[in-house]
Amino acid sequence: MTSAPTRTVRTATMDDLPGVARVLGRAFQDDPLFLWLFPDDERRIAQGTRASALMAGFVYVPLGYSALVEAREDDDRGPVVRGAALWSPPAGEAGGAAAALRSLPHWLELVGPARLPRILRYFSALAAHAPREPHWHLQVLGADPAAGRSGIGTLLLRAGLERADADGTPVYLETMNPANVAYYTRFGFAVTDTVAEPGTPLTHLMLRPPA
């Protein structure tokens with residue numbers, strides 16, 4: 001009988017970046033945000049993987065604000081990244097303007113000069129709705145679709161919520177997938193607002209007070 005893989009939640013390092021990028025690229029291939037950012041079905045996973053590498057590699061992994069689920073498989077492949085979460089700390093958005101400027105040329109190549117201003121305006125609109133009080137910001141949470149509904153995302157989410165509760169700090173997130181609203185509600189989040197920019201994904205803003 002095949003035993004269940006052993007899972008470990010830990011902070012990601014730069015050595016984990018390829019695995020983090022791959023798992024997030026697969027996790028969001030059908031997400032409304034990635035469907036909007038990368039409309040070409042044949043290129044979306046590759047583009048989403050590169051975008052995830054940009055986010056994780058320029059900001060969250062080097063600053064220690066990312067976590068992953070590592071599963072040790074029975075087929076002797078060793079540890080495999082099965083899920084990842086990227087967070088911004090209460091002190092402010094991780095990386096700030098410097099990281100954004102360093103990554104901008106890569107985003108320009110990825111989405112093209114014609115679409116980049118519209119995409120930047122959308123994310124600026126989201127940033128304007130963020131809470132003013134200090135909070136942990138769950139930027140990205142994704143699990144490998146190949147792992148099925150095995151609770152990997154929940155492991156990552158609970159680990160982050162425990163840290164926020166220990167700090168006595170609320171947790172904030174945006175989701176463009178309406179199916180996620182009920183999921184996050186189970187963990188104490190509530191919708192505080194929506195952003196409905198014309199031609200962009202309807203975005204639900206959710207906040208969870210510390211337990």
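The values are calculated or read from the model by the stated rules, or taken from the named source; none is laboratory data. Since the structure is predicted, the reported quantities are computational estimates derived from the model, not experimental observations. Here the Cβ is made from the backbone with ideal geometry for all residues, glycine too, and neighbour counts use every protein chain on show. Protein only, heavy atoms only, side chains kept; ligands, DNA and RNA dropped before computing areas. Shrake-Rupley method; radii C 1.70, N 1.55, O 1.52, S 1.80 Å.
Given axes a ≥ b ≥ c from the Cα gyration tensor, I'd like to know whether the range 137-191 is rounded (a/c under 1.5), prolate (a/b larger than b/c) or oblate.
oblate
Can you tell me the accessible area per residue over the range 144-211, all protein chains present, probe 1.4 angstrom, in square angstrom?
48 Å²
Just going by the charge dipole of the range 24-66, with Lys and Arg at +1 and Asp and Glu at -1 on Cβ, which of THR49, TRP36, GLY64 is farthest out on the positive end?
Positive-most Cα among the choices belongs to GLY64.
Can you quote the Å³ per residue value for the convex hull of the Cα atoms in the range 1-69, rounded to an integer?
Considering the Cα atoms of the range 1-69, their hull volume per residue is 110 Å³.
Over the range 64-208, with every protein chain in place, what whole percent of the accessible area is carbon and sulfur at 1.4 Å, could you tell me?
That fraction is 56 percent.
In Å and from the alpha-carbon atoms only, list the Rg and Dmax of the range 112-211.
According to the Cα coordinates of the range 112-211, Rg and Dmax are 14.8, 44 Å.
What list of ³J(HN,Hα) values in whole Hz, one per residue of the range 100-116 in order, does the Karplus curve 6.51 cos²θ - 1.76 cosθ + 1.60 (θ = phi - 60°) give from phi, with Gly and Pro shown as x?
Working through the residues one at a time gives 4, 5, 5, 8, 4, x, 5, 5, 4, 5, 6, 9, x, x, 6, 9, 4 Hz.
Once ligands and nucleic acids are excluded and a 1.4 Å probe is used, how much of VAL195 is accessible, expressed in Å² to the nearest 10?
Result for VAL195: roughly 0 Å² accessible.
Can you sort MET176, MET206, MET55, MET14 by 1.4 Å-probe accessible area, starting with the largest?
MET14, MET55, MET176, MET206
Counting alpha carbon pairs within less than 8 Å and at least 6 residues apart, what relative contact order, in whole percent, applies to the chain?
21 percent
Give, rounded to the nearest 20 debye, the magnitude of the charge dipole that the chain has about its Cα centre when Lys and Arg contribute +1 at Cβ and Asp and Glu contribute -1 at Cβ.
My answer is approximately 180 debye.
Helix-derived [θ] at 222 nm for the chain: sum -39500 (n - 2.57) over DSSP H runs of at least 4, divide by residue count, nearest 500?
It comes out at -12000 deg cm²/dmol, rounded to the nearest 500.
Per-residue accessible area for GLU109 at 1.4 Å probe radius, Å² rounded to 10?
For GLU109, the solvent-accessible surface is approximately 130 Å².
How large is the charge dipole for the range 97-211, taken about the Cα centre, if only the Cβ atoms of Lys, Arg (+1) and Asp, Glu (-1) carry charge, to the nearest 20 debye?
Computed charge dipole of the range 97-211: roughly 160 debye.
Rank these residues by their accessible area, most exposed first, probe 1.4 Å: ILE45, ILE152.
ILE45, ILE152
Modelled label-to-label distance, GLU109 and VAL9, 7 Å Cα→beta-carbon offset: nm?
So the label points at GLU109 and VAL9 sit 3.5 nm apart.
Among ALA27, VAL181, PHE123, which residue has its Cα positioned farthest towards the positive end of the charge dipole of the chain, with +1 placed on the Cβ of Lys and Arg, -1 on the Cβ of Asp and Glu, and the dipole taken about the Cα centre?
Value: PHE123.
Treat every Asp and Glu Cβ in the range 1-50 as -1 and every Lys and Arg Cβ as +1, leave all other atoms uncharged, and give the resulting dipole magnitude about the Cα centre to the nearest 20 debye.
Rounded to the nearest 20 debye, it is 200 debye.
If you build the convex hull over the alpha carbons only and average its shadow over all orientations, what do you get for the chain? Give it in nm² to one decimal.
Across all orientations, the chain yields a mean hull projection of 12.2 nm².
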